[in-house]
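Undergrad: The structure that follows is given in the form of structure tokens.
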Amino acid sequence: MRHHGGMSVPDSDYARRPGGMNSFLGSVFLQMAASVALSAASAVLVLKVQALQAVLYGPNGLTVLGWVVTLAPLGLVILIGAGVERLSGAAARGLLALAGASIVATFLIAASAFAVLGLIGFTTGRDLSGLGSFLTIVLVGLVVAMLVNLFLRSAGLDLGVAAIGVLLFAGLTAYDTQRLKRLYEEQAPTSGSASASLGALTLYLDFLNLFLSLLRFTGRRR
């Protein structure tokens, strides 16, 4: 309940005032941007400090810790799909900060693609909700393929996983953006709600995983 002009206004009605959706989505993207900035700082640190590079990348590719860093964002995406939306605001913001420590590069391509796909998800009149279950199945299959390739170390399978990853997280970016828009229309969460933090975490993970998939194509991963 909020007070406005001497009158008590329910939170949901307050959030649906003109500009409410812009405030909510603005909070989502602001929190996401902070996590991207943290990731960029982490990437610069790794590029500058060879000792950190050695921890993540060995003569035969990714080390065990390197694979943990690579697979952690995928695990968080599955965790969210499994019902983590019931997290409190503090817990959601904590996961967002934790995800921000992941390593990223090929930034401009991923950022441009993310912006275009997010815009498509927000403006399209086509219902993308049917994509959710299908993309979740593809995501689980992608994780399994990556785990199998830990032992096979197949360059062809790695390239195939990268291609599927790009398509998967392109679809998830548009789907999750539309889902956040519908969430506001149905529940009118405020900019400081757990929904805003969770939305930021979701879009950040879409961006990060899209970026990591593109990274395999650039040949810049060490």
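The values are calculated or read from the model by the stated rules, or taken from the named source; none is laboratory data. The model shown is predicted, which means the values in this text are computed figures rather than measured ones. Backbone-built Cβ (ideal geometry, glycine too); neighbour counts: all protein chains shown. Side chains are part of the model used for accessible areas, which takes the heavy atoms of the whole protein and leaves out ligands, DNA and RNA. Shrake-Rupley method; radii C 1.70, N 1.55, O 1.52, S 1.80 Å.
Undergrad: Out of (1) open to solvent by less than 60 Å² (accessible area, probe 1.4 Å); (2) over 28 Å from Ala40 (Cα atoms); (3) free of Cβ contacts under 8 Å to residues at least 60 places away in the same chain; (4) part of a helix (DSSP H, G or I), the odd one out for Tyr184 is which?
TA: The failed condition is (3).
Undergrad: Another one. Is it true that Arg179 is among the basic types (Lys, Arg), at pLDDT 85 or above and open to solvent by 30 Å² or more (accessible area, probe 1.4 Å)?
TA: Taking the combined requirement at face value, the residue satisfies it.
Undergrad: Further, regarding this structure: Determine if the stretch 117-139 includes at least one residue that is within 25 Å of Ala40 (Cα to Cα) and either out of contact with any helix residue (DSSP H, G or I) (no Cβ under 7 Å at 6 or more places or on another chain) or of a type in the set (Phe, Trp, Tyr) (or both).
TA: yes
Undergrad: Restricting attention to the stretch 87-146, which residues are in a loop (DSSP other than H, G, I, E, B), modelled with pLDDT under 60 and not small (Gly, Ala, Ser)?
TA: Leu87, Ile103, Val104, Thr106
Undergrad: Next question. Return yes or no: is Ala174 open to solvent by 20 Å² or more (accessible area, probe 1.4 Å), at negative phi and assigned to a helix (DSSP H, G or I)?
TA: Details: open to solvent by 20 Å² or more (accessible area, probe 1.4 Å): no; at negative phi: yes; assigned to a helix (DSSP H, G or I): yes.
Here the answer is no, as Ala174 does not meet what is asked.
Undergrad: Can you confirm whether Ala113 is of a type outside the set (Asp, Glu), buried (at least 17 other Cβ atoms within 10 Å of the Cβ) and on the phi > 0 side of the Ramachandran plot? Spell out how you get there, then give the answer.
TA: Details: of a type outside the set (Asp, Glu): yes; buried (at least 17 other Cβ atoms within 10 Å of the Cβ): yes; on the phi > 0 side of the Ramachandran plot: no.
So Ala113 does not fit the description; no.
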